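Everything on this sheet refers to the single structure shown next.
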Amino acid sequence: MPDYNKPIPIPDPMTNKPYWDGAKEGKLMLPRCTACNRFHFYPRIVCPTCGSRSIEWTEATGEGYLHTFAVQHRASGGWAEEAPFVTAYIDLREGDRVFTVLRGVDPTKPEDIMKKIGALCRIEFDKASDDVSVPYWRVVG
Amino acid sequence: MPSNPSKSAAIVAAAEADEIGYLSSPKTDMMLGIEAIHNACREAGISTKDIEGIANPGGANSYAEYLGIVPKWVDTTAVGGCSFQIHVAHMLAAVNAGMLDIGVVVNGQAGYSRRNFPRGAAGGGGGDALGPDAQFMAPYGVMGAPSNYSHAMTRHMHQWGSTKEDFAQIAVSTREWAMLNPRAIMHSKDTNPNGGALTVDDVLNSRIISWPLNILDICLVTDHGGAVIIASEAAARSFRTPPVWIAGAGEAIGHATMLEMKDFTATSAAASAGRAYKMAGMGPEDMEMAMIYDSFTITVAITAEMLGLTKRGEGPSLFAGGRTAPGGSFPVNTNGGGLSFNHSGMYGMQLLVEAYRQLSRTAEDGIHGLAGKQTDADSCIVNGTGGSLSATGTLVLTR
Ligand SMILES: [Zn+2]
């Protein structure tokens, strides 16, 4: 924890509280619309699919698929020490997409990571402080 | 001829957020604005999905994204407390012109709740610490536009089989134009140690910033000032300078954060260009040159596809074989582009200035262009891209 030297988000307690509470317990919580049954991300108080305001929080599988990625050779703060590292967009099993730093890949071999586009990925959490755990994703497929 | 917009639009509903005043439980600006929109739509008997245009001082893109809609009319005019009256006036004119049928003017402002936001999250202006970028992207070390756009390039390579070599051709073609522009940063070795002739290998061997983007795939960071004068048809004909007609115009927003970019190989330029072409009564086949915002080589490739200049996935091929370079049959980015001429942060102005010079036949005046820079194009499509491949504005200009 004291050695977590990356930017720590300030959780928005008004819109995203269940998400960050879930992360502390190692769970991926997602907003789901009870009118059209679709999940969305980032969390909103209105469904971006159908416009309903009937949103409830649901625990997700924590699984998704690699959509695209980049290898970051330049970064600031704690991330500068990690460079090169891989950032990625993950298509959630439940639908919609999240951004992350991807684990389980070799940043010096981007051509190999290209072959992993579409591969199964799983979420994991780093405890960044007493209040915040930050989600990361790992290629497992 | 334009018609009188009087009575061509009406206010059909008005509503407020669920609670207003001193909220016991705080809400963000966005929550308050969304509640008001939702309530107004309910009063009007429509869905938020029926909204085609949004006006808000500075935040129209975030509202659109939040609602999950892709507006075809936006107004972010931000001139203080009277902004909303002005938004209504603009929307009236736009409705009269047939640009939209249903629009909303919105504002949410947590003037009181703000004091109860988490420490470090309050304060106006700048980045929003409670917004999606700060919550869900910034923790992962992305740094500026290059580290974001690279994901789109990777996806283009995956989805369409393009290569880094293909994209490098864009930088090479653009550099050839810069070599004809004495004011371009990369005009020559005299203007910059890295200026002058460029090869595909030079691009591929340049420093890697955010794979697959090398530094020569990325625009410059420079100073610039520019302006264009626009006049009515009657007035324009009385100027002694040659007119360049705004034959078509379109605007669109695909998303605000890249989290919401559904297809990383497509931008809203397809929509904004579609409208511009339609207004002009012209199509891609009628364009004789293009000025395309080149923040990155990937931006140009995707935009060329969206403008209908190539098929989907084949954007880089437009730049093969010298077709877009000086002397080629379809000149693109004849000023040397953001890649090799000048990119001051918001490069759309540079696009307009060069498009005017080309179509007014003043592109080769010795100061802004040397022999060979002036094309004989009678039409030009101009496309600006803003944000993270987020918003686009397209113009069709003609002589
Ligand atoms: Zn829904």
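Return the only residue of B:Gly321, B:Gly308 being assigned to a helix (DSSP H, G or I) and surrounded by fewer than 21 Cβ atoms within 10 Å (Cβ to Cβ). Before you say what the answer is, go through the steps one by one.
On the way: B:Gly308 fails: assigned to a helix (DSSP H, G or I).
Just one listed residue meets the conditions, B:Gly321.
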Study note, to complete from the structure: If we keep only residues of region B:133-156 that are within 21 Å of the chain's Cα centre (by Cα) and more than 15 Å from A:Gln72 (Cβ to Cβ), then the residue least open to solvent (accessible area, probe 1.4 Å) is B:His156
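Return the residues of region A:37-60 that are near the ligand (Cβ under 10 Å from one of its atoms) and either surrounded by 22 or more Cβ atoms within 10 Å (Cβ to Cβ) or closer than 18 Å to B:Glu65 by Cβ (or both); say none if nothing qualifies. First the steps, then the outcome.
We begin by selecting, within region A:37-60, every residue near the ligand (Cβ under 10 Å from one of its atoms); these are A:37-40, A:46-55.
The answer is A:Arg38, A:Phe39, A:His40, A:Val46, A:Cys47, A:Pro48, A:Thr49, A:Cys50, A:Gly51, A:Ser52, A:Arg53, A:Ile55.
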Practice item. Answer yes or no: is there a residue in region B:177-186 that is open to solvent by less than 20 Å² (accessible area, probe 1.4 Å) and more than 30 Å from B:Glu364 (Cα to Cα). Key: no
Study note, to complete from the structure: Of the listed residues (B:Ala252, B:Ala247, B:Ala227, B:Ala168), the one being within 23 Å of the chain's Cα centre (by Cα) and in a helix (DSSP H, G or I) is B:Ala168
Check your understanding: For region B:223-270, which residues satisfy the criterion of being modelled with pLDDT of 90 or more, surrounded by fewer than 15 Cβ atoms within 10 Å (Cβ to Cβ) and more than 14 Å from every other protein chain (Cβ to nearest Cβ)?
Key -> B:Asp223, B:Pro242, B:Trp245
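How many residues, within region B:29-86, are assigned to a helix (DSSP H, G or I), aliphatic (A, V, I, L, M) and open to solvent by less than 30 Å² (accessible area, probe 1.4 Å)?
First, the residues of region B:29-86 that are assigned to a helix (DSSP H, G or I): B:29-44, B:48-50, B:60-67, B:83-86.
With aliphatic (A, V, I, L, M) added as a condition, the list becomes B:30-32, B:34, B:36-37, B:40, B:44, B:60, B:64, B:67, B:86.
Okay, now just the ones that are also open to solvent by less than 30 Å² (accessible area, probe 1.4 Å), so B:31-32, B:34, B:36-37, B:40, B:60, B:64, B:67.
Selection size over region B:29-86: 9.
In contact with a helix residue (DSSP H, G or I) (Cβ under 9 Å, 6 or more places away or on another chain) and either among the charged types (D, E, K, R) or more than 30 Å from B:Met261 (Cβ to Cβ) (or both): is that true of B:Arg357 in this structure? Spell out the reasoning first.
Numbers: in contact with a helix residue (DSSP H, G or I) (Cβ under 9 Å, 6 or more places away or on another chain): no; either among the charged types (D, E, K, R) or more than 30 Å from B:Met261 (Cβ to Cβ) (or both): yes.
When the stated conditions are applied, B:Arg357 does not pass them.
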Practice item. Say whether the condition of being open to solvent by less than 70 Å² (accessible area, probe 1.4 Å) and near the ligand (Cβ under 10 Å from one of its atoms) is met by at least one residue in region A:4-13. Key: no
Revision key, fill the gap. With criteria (1) at pLDDT 85 or above; (2) under 29 Å from A:Lys17 (Cα atoms); (3) within 13 Å of another protein chain (Cβ to nearest Cβ), B:Gln109 comes up short on (3)
Practice item. Inspect region A:63-75 for any residue being open to solvent by 50 Å² or more (accessible area, probe 1.4 Å) and at the interface with chain B (Cβ under 8 Å from one of its Cβ atoms) and give the result as yes or no. Key: yes
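So that you can scan it fast, the table gives a plain yes or no per residue for (1) of a type in the set (Phe, Trp, Tyr); (2) open to solvent by 40 Å² or more (accessible area, probe 1.4 Å); (3) over 21 Å from A:Tyr42 (Cα atoms); (4) in contact (Cβ under 8 Å) with a residue 12 or more places away in the chain:
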residue: A:Ala80; (1), (2), (3), (4): no, yes, yes, no
residue: A:Ala83; (1), (2), (3), (4): no, no, yes, no
residue: A:Ile90; (1), (2), (3), (4): no, no, no, yes
residue: A:Lys109; (1), (2), (3), (4): no, yes, yes, no
residue: A:Asp112; (1), (2), (3), (4): no, yes, yes, no
residue: A:Ile117; (1), (2), (3), (4): no, no, yes, yes
residue: A:Glu124; (1), (2), (3), (4): no, yes, no, yes
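Looking at region A:14-36, which of the residues that are part of a loop (DSSP other than H, G, I, E, B) and more than 13 Å from the chain's Cα centre (by Cα) is farthest from the ligand (Cβ to nearest atom)? Spell out how you get there, then give the answer.
Taking region A:14-36 and keeping what is part of a loop (DSSP other than H, G, I, E, B), we get A:14-16, A:25-28, A:34-36.
Subsequent filtering for residues that are more than 13 Å from the chain's Cα centre (by Cα) retains A:14-16, A:25, A:34-36.
Working: A:Met14: 20, A:Thr15: 16, A:Asn16: 18, A:Glu25: 26, A:Thr34: 8, A:Ala35: 5, A:Cys36: 3 Å.
Going through the qualifying residues, I end up with A:Glu25.
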Point to revise | Count of residues meeting criterion [in a helix (DSSP H, G or I) and open to solvent by less than 10 Å² (accessible area, probe 1.4 Å)] in region B:271-304 | key: 11
Review point. Tell me, which residue of region B:11-35 that is of a type in the set (A, V, I, L, M) and under 18 Å from B:Val74 (Cα atoms) is nearest to the other protein chains (Cβ to nearest Cβ)?
Key: B:Ile34
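The values are calculated or read from the model by the stated rules, or taken from the named source; none is laboratory data. Keep in mind the model is a prediction, meaning the values are calculated, not measured. So basically every Cβ, Gly included, is an ideal-geometry build from the backbone, and we count neighbours across all protein chains shown. The accessibility values were calculated without ligands, DNA or RNA, using every heavy atom of the protein model including side chains. Shrake-Rupley method; radii C 1.70, N 1.55, O 1.52, S 1.80 Å.
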